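Read the structure below first, then the notes.
The values are calculated or read from the model by the stated rules, or taken from the named source; none is laboratory data. Only a predicted model underlies this, so the values are computations on that prediction, with no experimental measurement involved. All Cβ positions, even for glycine, are placed from backbone atoms using ideal geometry, and neighbour counts span all protein chains on display. Please note that ligands, DNA and RNA were not included when accessible areas were found on the heavy atoms of the full protein model with its side chains. Shrake-Rupley method; radii C 1.70, N 1.55, O 1.52, S 1.80 Å.
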Amino acid sequence: MQFRTDVRRRLRADDARVVSDVLRRGIDRGEHTGALHEDTLSVEFGVSRNVVRDALTILAGEGLIDRSPRVGTHVVRRRAVHGLDALRGLKETLSEHGDVWNEVRVATLVRPPAAVAAQLRLETGDDAVYIERTRYLGDEPLSLDLTYLVPDLGIPLLEYDIESTDVFALLELVSGRRLHSAEQTVEAAVADPHSAAVLGVAPGSAVLLLERLTCLGTQARPVDLEYIRMRGDRISLRTRSFRDQQNERPRTLENSSLESSSPELQPIGDLR
């Protein structure tokens, strides 16, 4: 058995990071609401009150909790969870959190960049419908969405209410077909001054940048390409993943490369 961590060398900041990470997700899931008590958290996590205070300082800086000498520590908000394993619009996804509505900044025909045209399989010289929206949850901006649509669906789509309806729902309405799938990429980015002003955050704040190519019908035709900047302090992304099923037989030490590369590794014994 090989234990490679010397707990005596761990910094207080290391423990505070662990506490804040676990507590953050508990807040987002609604497991922690109302008051948070340092003594209770100290026992729950097996750390000192100083570590708990450091963790709470992290969460207060993220705006999830409020700390006051007289009132104590209270949860004031949780991130809205946007699932990625179901192809749903923001309004559908966040319905339990409140009303989602759109401020439409631009809705027009444009000559798309070559990379966009290629992903939407447009011919050279074809126009695309371009929609730019700020999306709100209640009175707070959540995301800045830049959307390119194929013209045969995008043009009739503009006849509908795009301020209070998800584009996904309108695409299905206009086409008479179901959406098929989407290829999505998420990466970390910082808010440029203009995006920061639109989203109501400080320039340089962390945002989630989502690129999503959505396909329609049984032929999986690409119809919708989006670049979405989401506020990292108000939205968390969640998905459920499964182990690759191509080789269903579990690997063992006998048939894995782990045995040959680490001959000194011994099976874990009874830890009771």
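Rolling a 1.4 Å probe over the protein heavy atoms gives the chain an accessible area of 60 Å² per residue. Approximating the spin labels as points 7 Å out from Cα along Cα→Cβ, the H180-to-R121 distance works out to 0.7 nm. Positive contributions from Lys and Arg (+1) and negative ones from Asp and Glu (-1), summed over other residues with Cβ under 10 Å from the Cβ of T185, come out at -2. The label-point distance for V43 and R243, in a model that sets each label 7 Å from Cα toward Cβ, rounds to 3.8 nm.
Using a 10 Å Cβ count of at most 15 others and DSSP loop calls, identify the longest part of the chain lacking such chymotrypsin sites (Phe, Trp or Tyr not before Pro). Intermediate results must be reported in sequence, preceding the final value.
Details: sites that count: F3, Y160, F242.
Of all site-free stretches, the longest is 4-159.
Where a ≥ b ≥ c are the square roots of the eigenvalues of the C-alpha gyration tensor, would you call the chain rounded, which needs a/c under 1.5, or, failing that, prolate if a/b is larger than b/c, or oblate? In terms of gyration-tensor shape, oblate.
Comparing D145, D233, D39 in a Gaussian network model of the chain, where Cα atoms under 10 Å apart are tied by springs, the biggest mean-square fluctuation is seen for D39. Taking the Cβ of G138 as the center, what net charge do the other residues with Cβ under 12 Å away carry, scoring Lys and Arg +1 and Asp and Glu -1? Every neighbour counted, the sum reads 0. Estimated from helices alone, the mean residue ellipticity of the chain at 222 nm is -7500 deg cm²/dmol (sum of -39500 (n - 2.57) over DSSP H runs with n ≥ 4, per residue). The calculated FRET efficiency for R12 paired with A107, based on their beta-carbon distance and R0 = 41 Å, is about 0.20. Using the Cβ of L149 as centre and a radius below 10 Å, the other residues enclosed give a net charge of -3, where K and R count +1 and D and E count -1.
Sparse packing (at most 13 other Cβ atoms within 10 Å of the Cβ) combined with a DSSP loop state is found for the following trypsin sites (Lys or Arg not before Pro) in the stretch 74-128: R121.
Among A35, A206, A182, which one moves the most in a GNM of the chain with springs linking Cα atoms closer than 10 Å? Comparing A35, A206, A182 in a Gaussian network model of the chain, the most mobile one is A35.
Where the accessible area of the chain is counted over protein heavy atoms with a 1.4 Å probe, how much of it, in %, is carbon and sulfur?
Carbon with sulfur: 49 percent of the solvent-accessible area.
Put a plus charge on the Cβ of each Lys and Arg, a minus charge on the Cβ of each Asp and Glu, and nothing anywhere else: the dipole of the chain about its Cα centre is then about 900 debye. When nucleic acids and ligands are ignored and a 1.4 Å probe is applied, V51 ends up with an accessible area of around 10 Å².
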